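Reading through the C-alpha cells given below for one structure.
The values are calculated or read from the model by the stated rules, or taken from the named source; none is laboratory data. These figures come from a predicted structure and were not determined experimentally. Methodologically, a virtual Cβ is constructed for each residue, glycine included, from the backbone with ideal geometry; neighbour enumeration extends over all protein chains shown.
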Amino acid sequence: MLKRLKISVLIVIGTLVSSNSFAGSQLEEPLSNSVKALMQRSISDKAAPKLIFATPEEGAAWLNEMSQRLKKRIPDDAYREDLLRTVHYEATRAGLDPQMVLGLIQVESGFKKYALSSVGARGFMQVMPFWSRSIGASDHNLFLLRTNLRYGCTILRHYIDIEHGDLYRALGRYNGSLGQPQYPNLILGAWRKNWNYTPKNI
C-alpha cells in the first residue's frame, strides 16, 4: 500500500513539473528604483478583472470564440471563462495582445495552473520566484491565477519597454534566450495558429 502511495505521489509530481516550460531561464537583473516602483504599483493594483472592449457584444463574441478554442484544454466552463477574462484584463492593462499572451501560456505551461519547471518557474506564465522578492511580496502565491498572470504580463511589459517595443527580443528576454530565435518563434507560432482573432462585424 505504501509503495503504491509513493508511486502515486511521484506521478502527480511528474504531471506538475512542466516538461515544456521555458521561462525558467529568466535572468534576475538589478532594477532601477523607478522601474521597480512602477512594477510594484502594477502588481499591487486590485481592480477586478473585466473584458475591455468597445461594446459588451464585442466582448461576448471574443469570450465565446476563445472559450471554444480552449475547451479541450480546460473543460470546466466557469474556470475557463475566469481564465480568459483575467488574461484579457491583465494583458490589456499591460499593453499586450491577449491572444499573444494565450500563445505564451500555451507554450510555457500548456494551460496547467500548477506547472512547475525544473528550476522553480511557476504557474500559467512560468514566473520565477525571484520576482516576488523584487517587485511583489514574499507571501504572493505564484500559482494563483490572477497573481501569476499579473506578474507575467507586468514582466513581459517591462522587457518590451527595455527593448523599445521589439516583441521578438522581449520574448527572448522573458525566456532568458535573448538573440536566439527558438522561443520567440514558438510563441508567435502558437499565437498565429491557435489564438489569432479578427472581430466580426457585430
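List of remarks:
- Identity of the residue in region 87-97, of a type outside the set (A, V, I, L, M, F, W, C) and surrounded by 23 or more Cβ atoms within 10 Å (Cβ to Cβ), that ends up nearest to residue 176 (Cα to Cα): 90
- Qualifying positions in region 143-202 - out of contact with any strand residue (DSSP E or B) (no Cβ under 8 Å at 6 or more places or on another chain), closer than 19 Å to residue 133 by Cα and hydrophobic (A, V, I, L, M, F, W, C): 144, 145, 149, 153, 156
- Test for residue 96: is it of a type in the set (A, V, I, L, M) and not in a loop (DSSP other than H, G, I, E, B): no
- Of all residues in region 109-130, those satisfying the criterion of being surrounded by 17 or more Cβ atoms within 10 Å (Cβ to Cβ) and touching a residue at least 60 places away in the same chain (Cβ under 8 Å) are 109, 112, 115, 116, 117, 121, 125, 126, 127, 128.
- As a summary of the residue check, residue 113 satisfies the conditions (1) in a helix (DSSP H, G or I); (2) modelled with pLDDT of 95 or more except for the one numbered (1).
- Single unsatisfied condition, residue 97 versus (1) farther than 23 Å from residue 197 by Cβ; (2) modelled with pLDDT of 95 or more; (3) among the charged types (D, E, K, R): (1)
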